[in-house]
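S.K.: Below: one structure in structure tokens.
The numbers here are math on the coordinates, done by the rules we state, and not lab data. Keep in mind the model is a prediction, meaning the values are calculated, not measured. FYI the Cβ positions are ideal-geometry reconstructions off the backbone, even for glycines, and counts take in every protein chain you see.
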Amino acid sequence: MFHTQWSANEAILSGQNRGGTKGLYQEIGQRFRTYGVERVLISGIPLPGRDMSKLVLHQNWGQEPLTPVQLSQIRGNDALVRRLAVAHRPVRLLSNGAETEWLANAPLYGLLKRNSGDQNGFDSLIGMHIPLEQLQILILLAGANVTISDADLCNAMSMISRDMEAMHSVKPLLPPRPGELSVREKMVLSKTAEGKTANDIAVELEISQRTVHAHLQNASEKMQAANKTQTVVEALRYAQISLA
């Protein structure tokens, strides 16, 4: 079992004693290695139209690290990235080397496979989505003989989520991502998600309706959305706003 339990305070203290977030990422990798996981990638999820070049938090994937140039080719609309962005539980993306068509065509998967460091690559690939405040994290785990059960994966994901949330609440794990919505854009879009009209929002924020529409237009462009509804959906998907 993935059995070690940490409270939020213990997670922060543990991370500080082991070198902060870097120590936490290394500890995650060490624990998964007992299940046959040989490669780990931890990264922020890029926003639409943006890339992963500045979002990788930890990688232990191949003989050579993935470079910023390589990661700049992986964007927010990558099929693997989008699959994990909506996952609420661990996803077994690859089992016994059997590739699905959509996975085989995903640029991120192709990059990881090429950079695996050996001829056979890996037979198992597992993905996790860790949603944090204003940030989403993806974790990819791979190996030739991964033996972790679904129950242990869910337990591990819960623990990792708690530990990362604790650290993120003290200091953001990443600086603002390229393409982040501005504070005003988030406010306007959040109120739009609540069903408020442009007039309602203008009165509440003491701005003109024209300014409200300008914020919505800017948000739509950043989220690469075709209309207001899609903008709200994409902003929720990429943790730019919440309904809480």
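S.K.: Considering the dipole of the chain built from charges on the beta carbon (Lys and Arg +1, Asp and Glu -1) around the Cα centre, which of LEU80, GLN59, ALA235 is farthest to its positive end?
M.R.: ALA235
S.K.: Let me ask something else. Test of understanding: in a Gaussian network model of the chain with alpha carbons linked when under 10 Å, which of SER182, SER116, SER43 would top the mean-square fluctuation ranking?
M.R.: Judging by the Gaussian network model, the answer is SER182.
S.K.: Another question, then. Lys/Arg Cβ at +1, Asp/Glu Cβ at -1, dipole of the stretch 38-138 taken about the Cα centre: which of PRO46, VAL91, LEU103 is farthest positive-ward?
M.R.: Going by the Cα projections, it comes out as PRO46.
S.K.: Using the Karplus equation 6.51 cos²θ - 1.76 cosθ + 1.60 (θ = phi - 60°), what ³J(HN,Hα) coupling, rounded to whole Hz, does each residue of the stretch 152-157 give in order, writing x for Gly and Pro?
M.R.: 5, 4, 5, 5, 4, 4
S.K.: Would you mind counting up the charge near TYR109? Only other residues with Cβ under 15 Å from its Cβ, with Lys and Arg at +1 and Asp and Glu at -1.
M.R.: With Lys, Arg at +1 and Asp, Glu at -1, the net is +3.
S.K.: Search the structure for amide H atoms under 5 Å from the amide H of VAL56, placed 1.01 Å from N in the peptide plane, and list their residues when 5 or more places away or on another chain.
M.R.: Those lying under 5 Å, H to H, from VAL56 are GLY44.
S.K.: In addition: Based on Cα positions only, what radius of gyration and what Dmax would you give for the stretch 183-237, in angstroms?
M.R.: Here Rg and the maximum Cα pair distance are 10.0, 28 Å.
S.K.: Express the Stokes-Einstein translational diffusion coefficient of the stretch 8-170 in µm² s⁻¹, to the nearest whole number, given a Kirkwood radius over alpha-carbon pairs, 37 °C and a viscosity of 0.692 mPa s.
M.R.: D, rounded to a whole number, is 206 µm²/s.
S.K.: Here's a follow-up. Among residues other than GLY127 whose Cβ falls under 13 Å from its Cβ, what is the net charge (Lys/Arg +1, Asp/Glu -1)?
M.R.: Neighbourhood net charge equals +4.
S.K.: Next up: Long-range amide H contacts for ARG39: which residues qualify at under 5 Å (H placed 1.01 Å from N, peptide plane, sequence gap of 5 or more or a different chain)?
M.R.: ALA142
S.K.: Quick one: if the Förster radius is 30 Å, what FRET efficiency do ARG184 and SER72 give, using the C-beta to C-beta distance and rounding to 0.05?
M.R.: Given R0 = 30 Å and the Cβ-Cβ separation, E is 0.55.
S.K.: Under 10 Å, Cα contacts only: if you run a Gaussian network model on the chain, which one of PRO46, PRO178, PRO131 comes out with the highest mean-square fluctuation?
M.R.: PRO178
S.K.: Rank by packing, highest mean first: peptides 187-195, 148-156, with packing defined as the count of other Cβ atoms within 10 Å averaged across residues.
M.R.: The most tightly packed comes first, giving 187-195, 148-156.
S.K.: Sticking with this structure for a sec: Given H placed on each backbone N at 1.01 Å, which residues far from ILE241 in sequence or on other chains put an amide H within less than 5 Å of it?
M.R.: Correct list: LEU236.
S.K.: Multiplying the sequence separation of GLN224 and THR34 by 0.36 nm and subtracting their Cα-Cα distance, what value in nm do you get?
M.R.: Answer, rounded to one decimal: 64.3 nm.
S.K.: Same structure again: If you average the C-alpha positions of the stretch 191-236 and of the stretch 77-151 separately, how far apart do those two centres end up, in angstrom?
M.R.: 34 Å
S.K.: Separate question: Compute the FRET efficiency between SER158 and VAL233 as 1/(1 + (r/R0)^6), taking r as their Cβ-Cβ distance and R0 = 25 Å, and round to the nearest 0.05.
M.R.: 0.45
S.K.: With respect to the cross-link table entries LYS113/LYS186; LYS22/LYS171; LYS54/LYS171; LYS171/LYS196; LYS54/LYS191, which display a Cα-Cα separation exceeding 25 Å?
M.R.: LYS113/LYS186; LYS171/LYS196; LYS54/LYS191
S.K.: Using a Gaussian network model on the chain with a 10 Å cutoff between Cα atoms, which of ILE130, ILE201, ILE139 fluctuates the most?
M.R.: Looking only at ILE130, ILE201, ILE139, the largest GNM fluctuation is found for ILE201.
S.K.: Further, regarding this structure: In a shell of Cβ-Cβ distance under 14 Å around GLN70, excluding GLN70 itself, what net charge do Lys and Arg (+1) and Asp and Glu (-1) give?
M.R.: The answer is +1.
S.K.: Additional query: Calculated from DSSP H runs of 4 or more alone, at -39500 (n - 2.57) each and per residue, what is the 222 nm mean residue ellipticity of the chain, nearest 500?
M.R.: It lands at -13500 deg cm²/dmol.
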